[in-house]
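Asker: For reference, the structure I am asking about is given below.
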Amino acid sequence: MRPRVLGAALAALPLLLVPGAGAASAAPGAAGDGLTRAAASLARETLPAGDGWAAEGTGTTGGATATDDQVHLVRSRADLVRALGGDNATNRGNATPKVIVVDGTVDGFEAADGSLRACTDLADPEYSLPAYLAGYDPAVWGMVPPTGPLEAARVRSVANQTKQTQINVGPNTTIVGLRGATLTGLTLMLDGASNVIVRNLTFDDARDCFPAWSPTDGATGNWNSQYDQLSVRRSEHVWVDHNTFTDGDNPDSGQPVYFGRPYQVHDGSLDVTHTASLVTASYNRFVGRDKLMLIGSSNTVGPDVDRLKVTLHHNLFDRVLQRLPRVRFGQVDVYNNWYRLAGDDFEYAIGVGVQSAAYVENNYFTLGAGITADDLLYDWGGTALTARGNWVRADGDRPRPVDLVAAYNTTHDPDLGADAGWTPTWRAHRALPAPLVPIVVGALAGANRLPL
Ligand code: CA
Ligand code: CA
């Protein structure tokens, strides 16, 4: 199941320190000694042939052809920005092949001197949450979108945070973690960044210091956050493999309630939007949050048509509530994933959006109390979904095969069609029978499971 590696000569290339990485000499296992052979191999691995949509055409090689001086070990936000090209404002245009190996925890809130900035450090002088809550309380302001100086100050605060915590990645990049590597409080932004590989990282708590009140979102309004853990926009050939996405000790369930709605400081874990396409997400572990994966962010029939092609295989969706994924337009292959779903707040697994074409095969759904097979799909304006070979284990019941579309149609109208109109061809292996999926995915999905 291990992807092929490049030749031993490439794998043995020395790992160079990022210039100015001041903490290197003090850290255990200092990089001057080079990576272990296993880590050096991992850093140069490419997407296996045929492995999902990202394998189409030129395939996905990330930074595998990087020269020696473009292999970087990073231990801080400053290291990471330096390795990506040196300037976070322009790094998205740096197409030089590069391999970035993350060691330890990189915190998006780190200042240049290594200290951690607080939300209050990023806030515009004219913004404060108490003032925002007082000014835009629906009882005072009404149910119309916030405007005026205080909202303008919030928007300026968001711009400050974006410069700090959104890390921009350019094309032809591989980012891999050593054992325990964590990106916390940080958004990896792939915008116009094609041919990128992201592996063996724990993404922790990419939080928004300045959520927006959106009174017209839903029947009673909602708080919305700006920051995904990993955003893929206007990019293709992206492989996201063996990562863990978590909110750690800052879960959605622990947020306060303002204006009767949860104060949402998180957005997506892995959102693929704005005409991105040819993405393979494999062996990731998504843990305990509300909104997981948005594929397509607009119902407008325009540039997203024939884009947003994503393969999801061998991922674990663990106690997450919705968008697993939510699909618009794309041909999305969802096979051999394990859904372990629970909680009163669960909403749905797969969102069937405008012109979406999801092919859902041999997945395994473990359902907690109160969740039934007809809850697993949600009609966001789509018409059809192909479902084959999926199994459901409802609470207190034995596992059994379930036709997800038929189950949905029994309790919902209008019915969904059972043919999404295409058959996936980009698969490296035949799909496993669904009953094996919890064993394989439970053992192999997530960070810190690759041989290192
Ligand atoms: Ca998002
Ligand atoms: Ca029906």
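Asker: Say R0 is 45 Å: what FRET efficiency, to the nearest 0.05, do residue 344 and residue 69 get from their beta-carbon distance?
Answerer: Once the sixth-power term is evaluated, E becomes 0.25.
Asker: Scan around residue 71 for amide H atoms under 5 Å from its own, H built in the peptide plane at 1.01 Å from N, and keep only partners 5 or more places away or cross-chain.
Answerer: Amide H to amide H, under 5 Å and 5 or more residues apart or across chains, residue 71 pairs with 16, 99.
Asker: Right, next: Taking 0.36 nm per residue of sequence separation and subtracting the Cα-Cα distance, how much length would be gained by fully extending the chain between residue 58 and residue 430, in nm to one decimal?
Answerer: 131.7 nm
Asker: Per Stokes-Einstein, at 10 °C and 1.306 mPa s, what whole-number D in µm² s⁻¹ belongs to the range 116-204, with the Kirkwood radius over Cα pairs as the hydrodynamic radius?
Answerer: In µm²/s, the coefficient is 101.
Asker: If you don't mind, another one. In debye to the nearest 20, how big a dipole does the chain give about its Cα centre with +1 on each Lys and Arg Cβ and -1 on each Asp and Glu Cβ?
Answerer: Charge dipole, the chain, about its Cα centre: 1200 debye, nearest 20.
Asker: Rg to Rh for the chain: what is it, with Cα atoms only and Rh by Kirkwood?
Answerer: Working: Rg = 21.8 Å, Rh = 22.5 Å.
Radius of gyration over Kirkwood radius for the chain works out to 0.97.
Asker: Which log10 I(q)/I(0) values does the range 285-378 give at q = 0.12, 0.16 Å⁻¹ under the Debye formula, counting every alpha carbon as one identical point scatterer?
Answerer: Taken in order of the listed q values, log10 I(q)/I(0) reads -0.34, -0.60.
Asker: So what J values fall out for the range 203-209 if you push phi through Karplus, 6.51 cos²θ - 1.76 cosθ + 1.60 with θ = phi - 60°, rounded to Hz, Gly and Pro as x?
Answerer: Karplus values, whole Hz, x for Gly and Pro: 8, 10, 6, 6, 10, 9, 6.
Asker: For the chain, what does -39500 (n - 2.57) per DSSP helix run (n ≥ 4), summed and divided by total residues, give at 222 nm, in deg cm²/dmol to the nearest 500? Write out the running numbers ahead of the final one.
Answerer: Working: 9 runs with 67 residues, N = 452.
The helix-only estimate for the chain comes to -4000 deg cm²/dmol at 222 nm.
Asker: Run through the range 401-452 and list the trypsin sites (Lys or Arg not before Pro) located in a DSSP loop whose Cβ has at most 10 other Cβ atoms within 10 Å.
Answerer: 430
Asker: Compute the accessible area per residue over the chain, keeping the other protein chains in place, probe 1.4 Å, unit Å². Could the numbers behind the result be given before it?
Answerer: Details: 17340 Å² over 452 residues.
I get 38 Å² per residue for the chain.
Asker: Using the Cα atoms as the points, what is the convex hull volume per residue of the range 323-452 in Å³?
Answerer: Output value, Cα hull per residue: 121 Å³.
Asker: I'd like the distance between the alpha-carbon centres of the range 85-140 and the range 333-373, rounded to an integer number of Å.
Answerer: After rounding, the separation between the Cα centres reads 33 Å.
Asker: Magnitude of the Cβ-charge dipole of the range 62-114, K/R +1 and D/E -1, about the Cα centre, nearest 20 debye?
Answerer: 180 debye
Asker: Let me ask something else about it. If you find the alpha carbon centre of the range 209-251 and of the range 255-298, how far apart are they in angstrom?
Answerer: If we compute the Cα centre of each part, the gap is 4 Å.
Asker: Right, next: For the chain, which whole percent of the accessible surface, found with a 1.4 angstrom probe, sits on carbon and sulfur atoms?
Answerer: 54 percent
Asker: Sort 143, 293 by heavy-atom solvent-accessible area, probe 1.4 angstrom, most to least.
Answerer: Largest accessible area first, the residues go 143, 293.
Asker: Something else now. Can you compute the modelled spin-label distance between residue 299 and residue 37, with each label point 7 Å from Cα toward Cβ, in nm?
Answerer: It works out to 5.8 nm between the two label points.
Asker: Report ³J(HN,Hα) in whole Hz for each residue of the range 251-267, in order, from the Karplus equation J = 6.51 cos²θ - 1.76 cosθ + 1.60 where θ = phi - 60°; Gly and Pro get x.
Answerer: x, 3, 5, x, 6, x, 10, 10, 6, x, 10, x, 7, 7, 9, 10, 10
Asker: While we're looking at this one, here's another question. Would you mind calculating the relative contact order of the range 137-242 from Cα pairs under 8 angstrom and at least 6 residues apart, reporting the percent as a whole number? Can you show the working numbers first?
Answerer: Numbers: 185 pairs, mean separation 30.5, N = 106.
Relative contact order comes out at 29 percent.
Asker: For Cα pairs less than 8 Å apart in space and 6+ apart in sequence, what is the mean separation divided by the residue count of the range 335-452, i.e. the relative contact order in percent?
Answerer: Relative contact order, the range 335-452: 28 percent.
Asker: At 1.4 Å probe size, with no ligands or nucleic acids counted, give the accessible surface of residue 179 in Å², nearest ten.
Answerer: The accessible area of residue 179 comes to roughly 150 Å².
Asker: Whole-Hz Karplus ³J(HN,Hα) for the range 350-357, in order, using 6.51 cos²θ - 1.76 cosθ + 1.60 and θ = phi - 60°, x for Gly and Pro?
Answerer: 10, x, 9, x, 3, 6, 6, 9
Asker: Separate question: Take every Cα pair under 8 Å in the chain that's 6+ residues apart, average their separations, divide by the length, and report that relative contact order as a whole percent.
Answerer: 12 percent
Asker: Give the calculated FRET efficiency between residue 217 and residue 116 to the nearest 0.05, with a Förster radius of 30 Å applied to their Cβ-Cβ distance.
Answerer: In this case the efficiency is close to 0.45.
Asker: Going toward the positive end of the dipole of the chain, with +1 on Lys and Arg Cβ and -1 on Asp and Glu Cβ, which of 321, 351, 283 do you reach last?
Answerer: Sorting the options by dipole projection puts first 283.
Asker: Once the dipole of the range 69-162 is set up with Lys and Arg at +1 and Asp and Glu at -1 on Cβ about the Cα centre, which of 105, 127, 138 lies farthest towards its positive end?
Answerer: Towards the positive end, the residue furthest out is 105.
The values are calculated or read from the model by the stated rules, or taken from the named source; none is laboratory data. Just so it is clear, the structure is predicted and the values come from calculations on it, not from any experiment. Please note: Cβ atoms are built from the backbone with ideal geometry, for glycine as well, and neighbour counts cover all protein chains shown. Just the protein is used for accessible areas: all its heavy atoms, side chains included, with ligands, DNA and RNA removed. Shrake-Rupley method; radii C 1.70, N 1.55, O 1.52, S 1.80 Å.
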